[in-house]
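Reading through the structure tokens given below for one structure.
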Amino acid sequence: MNSAKKHYADGYLKATIDKRISYKTESQAPEQAAMLRTYLKDELETTLLRLGFICQIVDNPIEGKPPLLFAERHESDDSLTVLTYGHGDVVRGYDDQWSDNIDPWKLTVKGDKWYGRGTADNKGQHSINLAALEIVLKARDGHLGYNVKCLFETGEEIGSPGLRKYCELNSLQLKSDVFIASDGPRLSAGQPTIFLGSRGSVLFELTVNLRSGGLHSGNWGGLKRNPATILAGALASVVNHEGRILVKDLLPPAMSPSVKEALGKLSITDELMGLPIDTEWGEPSLSSAEKLLGWNTLEVLAFTAGNPANPVNAIPPHAKAFCQLRFVVGTRWQELEKILRTHLDQHGFACVDIKVQRGTAATRLDPDNAWVKWAEQSMKSAVGQDIAIMPNLGGTLPNDVFADVLGLPTLWIPHSYPGCAQHAADEHMLGSIADEGMQIMTSLFWDLGELHRDHLHTS
Ligand SMILES: [Zn+2]
């Protein structure tokens, strides 16, 4: 097995990723729409058919949105079923912005860095997983000992349109015992990581709109209310000057002992982040890991009144702030408008209007779940190193589709790292992580075949 893995990492994997990133699957570019289906058909379907899957490229349940691929490899009704996921689309190439004229549409290897659009997000990652599955299949003479279902979408970079609907409509077809997939970054390059969900995000606007035009500040200052001043006061009543959320109902419930324990093992340092952390910022008494992964933050993303490019001596007629709440499981984010309304009214800000734009739920599998222990053990045996277990990512993923709609325990095993420049020029994956990723996924896909179906149905 070891020589096979080495061979794959060195040769097959590089060649496969090189080929896959040559497809310009930019889901944000309407002119590449046909390429999304071509990638599913020529790359993923071809590979999956070779591995004994039955494949179906399906139209998006939302008209005009990009297609998906569902594939299934069924061995026995009595076996476990794993669902895996990936996305074939990438963000735009920004072709002229790459260092040293690197072509984003082919693999360029420089030292440990494998450059190319999609190497980290997500073609490189799902290529590792499919290659690992192939190794295990060969080593086991064509039998995995479990069933596999695959779902690939091609609209992740435009907000996964139709993914939730597809899963709602096809929940029986997608029924599985566990979800294992790879996307996003490790905690750091050197730390093999499992994350179990993601924080949620909800965007909202606060506006104060008092009149139709500005009023001369010499004639009216002191006599007429200033919307910008009122909005600044309203914001300060919600989140203070040290980044602490002051509205109790916008905070999560206390962290469970298992989450607290998992976060206690993660050290989020200046070195890890690549920038010094503002230690006085945010909820006092929490560690950096707890602030980032176990708590909520409220960010003011943009804030305007008057014309900042050309200020005049007038009381502006209105002011607007765009805000975001990043939140963990247990936060009453769906009641955001009601909670803010009550708070602002009680604090004398009845003239502040609230508009909640959109949100994505938070998810988190309990770090004490038997699947987590199993995966940690398998990964540890593969790389001989402690595994970082993140109860959830700080960022947001559509994981609620798998955790809530399909009701699956979700294990994300990322093969990227925070410095990968995903979504920018110079996106790359690290060869060392690809190599470790192959070992990790081979181990997980091997060990899964040794598990009895009922073994992990405890939590
Ligand atoms: Zn992305």
Mean projection of the alpha-carbon convex hull of segment 84-136 over all orientations, in nm²?
-> 4.4 nm²
Long pairs among Lys65/Lys175; Lys14/Lys106; Lys248/Lys338; Lys320/Lys355, criterion Cα-Cα beyond 21 Å = Lys65/Lys175
Return the carbon/sulfur percentage of the accessible area of segment 302-360, one whole number, probe 1.4 Å, all protein chains in place.
-> 50 percent
Volume of the Cα convex hull of segment 389-459, divided per residue and given in Å³ = 124 Å³
Scan the chain and hand back the longest stretch that contains none of the GluC sites (Glu not before Pro) lying in DSSP loops with at most 10 other Cβ atoms within 10 Å.
-> 64-279
If you plug each phi of segment 241-251 into the Karplus form 6.51 cos²θ - 1.76 cosθ + 1.60 with θ = phi - 60°, what whole-Hz ³J(HN,Hα) values come out, in order, with x for Gly and Pro?
-> 5, 10, x, 9, 6, 9, 8, 4, 6, 9, 9
Taking 0.36 nm per residue of separation and subtracting the Cα-Cα distance, what length does fully extending Arg332 through Thr269 add?
-> 19.7 nm
Order Lys41, Lys291, Lys338, most accessible first, counting only protein heavy atoms with a 1.4 angstrom probe.
-> Lys338, Lys41, Lys291
Exposure of Val239 as accessible area (Å², to 10), given a probe of 1.4 Å and all protein chains | 20 Å²
Could you pull out every one of the aspartates and glutamates with an alpha carbon less than 15 Å from that of Lys113, ignoring same-chain neighbours closer than 8 positions?
-> Asp10, Asp18, Asp100, Asp103, Asp121, Asp426, Glu427, Asp435, Glu436
Heavy atoms only, probe 1.4 Å: what % of the accessible area of segment 144-286 goes to carbon and sulfur, would you let me know?
-> 54 percent
Percent of beta bridges antiparallel (DSSP, the chain, rounded to nearest 5) = 70 percent
Over segment 1-148, average the accessible area per residue using a 1.4 Å probe and give it in Å², no decimals.
-> 42 Å²
Semi-axis lengths (Å, descending) of the ellipsoid that matches the C-alpha gyration tensor of segment 107-167 = 25, 23, 5
Square roots of five times the Cα gyration tensor eigenvalues for the chain, Å | 43, 25, 22
Per DSSP H run of n ≥ 4, the term is -39500 (n - 2.57); total these for the chain, divide by its residue number, and report the mean residue ellipticity at 222 nm rounded to 500 deg cm²/dmol.
-> -8000 deg cm²/dmol
If R0 is 45 Å, what FRET efficiency do you get for Asp100 and Ser287 from their C-beta distance, rounded to 0.05?
-> 0.65
Any chance you could run the full-extension gain for Asp112 through Ala33? It's 0.36 nm times the residue separation minus the Cα-Cα distance, nm to one decimal.
-> 25.2 nm
Where the Cα atoms of segment 1-148 are projected onto their three principal axes, how long is each span, largest first, in whole Å?
-> 52, 44, 19
For segment 251-381: rounded, prolate or oblate by the Cα gyration tensor [a/c cutoff 1.5] = prolate
So the pair-distance distribution of segment 317-459, from every Cα-Cα distance in 10 Å bins, comes to percents of 9, 27, 28, 18, 11, 6, 0
If the viscosity is 1.306 mPa s and the temperature 10 °C, what Stokes-Einstein diffusion coefficient in µm²/s follows for segment 90-216 when Rh is the Kirkwood radius over Cα pairs?
-> 82 µm²/s
Under 5 Å between amide H atoms, partner at least 5 residues away or on a different chain: which partners does Ala29 have, H built in plane at 1.01 Å?
-> none
For segment 265-342, restrict the atom set to alpha-carbon positions and state the Rg and Dmax in Å.
-> 17.6, 54
With the Cα gyration tensor of segment 217-270 giving a ≥ b ≥ c as the square roots of its eigenvalues, does the rule (a/c under 1.5 for rounded; else a/b larger than b/c for prolate; else oblate) give rounded, prolate or oblate?
-> prolate
Degrees separating the helix 370-383 axis from the principal Cα axis of the chain, which is the longest one | 60 degrees
At 0.36 nm per residue, minus the direct Cα-Cα distance, what do Thr342 and Leu169 gain on full extension? Give it in nm, one decimal, please.
-> 58.5 nm
Any chance you could give the angle, 0 to 90 degrees and rounded to 10, that helix 431-448 forms with the longest Cα principal axis of the chain?
-> 70 degrees
Rounded to the nearest whole Å², what accessible area per residue is found for segment 264-333 with the 1.4 Å probe?
-> 58 Å²
His423 accessible area, nearest 10 Å², 1.4 Å probe?
-> 90 Å²
Just the number, please: Stokes-Einstein D of segment 226-310 in µm²/s, Kirkwood Rh from C-alpha pairs, 20 °C, 1.002 mPa s.
-> 142 µm²/s
Heavy-atom SASA rank of Met429, Met255 (probe 1.4 Å, accessible area, largest first) = Met255, Met429
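The values are calculated or read from the model by the stated rules, or taken from the named source; none is laboratory data. Model, not experiment: these values are computed from the prediction. Using ideal geometry, Cβ is built from the backbone for each residue, glycine included, and neighbour counts are taken over all protein chains shown. With ligands, DNA and RNA removed, areas are computed over all heavy atoms of the protein, side chains included. Shrake-Rupley method; radii C 1.70, N 1.55, O 1.52, S 1.80 Å.
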